[in-house]
Amino acid sequence: MPLKNLEKKIQALELFDIEKETLSIIRENSDTILSLIRGQMGSKGVRGDSKFIQAKYGNAYQDITVFNKENKGVGLGKKTDFVTMFMSGDFYASLQLEITGTVFKVTSNVPYFSEINDQWNDGQLTKLDKINLKYFRDTYIIPELKRRFKRLSNGV
């Protein structure tokens, strides 16, 4: 590599704010993150630490809940072989990504959110599990960081 190119790369590295760019990528792909969270809850019944989602009485529905889900549940709300936290879809629809400083988290404005997330699921309900976190990193963050750095280094 000619020294001129090396000098350009060094200048680009000095200008490149990886933290800012990463948060920007996360913000731009918030719908994907929310979709991954919904998918891990609805298709696997797992939370961020890869443990099964807990309902009030454990990781299986009580008989009355099974009855209600089978009779009143909508779509995924009828699923009863593991806890999905889905009945009508209100909770899933309410999920939103919040970014504060360098921290992002998925929250909800449904009145029962703290109960299902904090009390029963140790704050892990709306976190990405390792599989989805790796997928998001490898599919969105790393390729986009490379693209942005390349664009910057070509412009220096």
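Quick note: the coordinates plus some simple rules give every number you see, no bench work behind them. If you're wondering where the values come from, they're calculated on a predicted model, not measured in any experiment. Heads up, the Cβs are rebuilt from the backbone with ideal geometry, glycines too, and the neighbour counts pull from every protein chain shown.
Structure notes:
- Each peptide in 5-13, 45-53 gets a packing score, the mean of other Cβ atoms within 10 Å over its residues, and the list from highest to lowest is 45-53, 5-13.
- Using R0 = 25 Å, the C-beta based FRET efficiency linking residue 56 and residue 134 works out to 0.20.
- Acute angle (nearest 10 degrees) that the helix 30-39 long axis makes with the longest principal axis of the chain, alpha-carbon atoms: 40
- Taking a Cβ cut-off of under 11 Å around residue 122, the surrounding Lys, Arg, Asp and Glu residues balance to a net charge of +1, with basic ones at +1 and acidic ones at -1.
- Förster radius 25 Å - calculated FRET efficiency between residue 44 and residue 23 (Cβ-Cβ, nearest 0.05): 0.35
- Distance (nanometres) between label positions extended 7 Å along Cα→Cβ at residue 78 and residue 102: 4.8
- Viscosity 0.890 mPa s, temperature 25 °C, Stokes-Einstein D of the chain from Kirkwood C-alpha radius, µm²/s: 139
- Between residue 154 and residue 114, the contour length at 0.36 nm per residue exceeds the Cα-Cα span by 9.7 nm.
- The calculated FRET efficiency for residue 16 paired with residue 64, based on their beta-carbon distance and R0 = 41 Å, is about 0.15.
- With a threshold of 23 Å on the Cα-Cα distance, the over-threshold entries among 105/134; 51/130; 51/146 are 51/146.
- The long axis of helix 142-155 is offset from the longest Cα principal axis of the chain by roughly 20 degrees.
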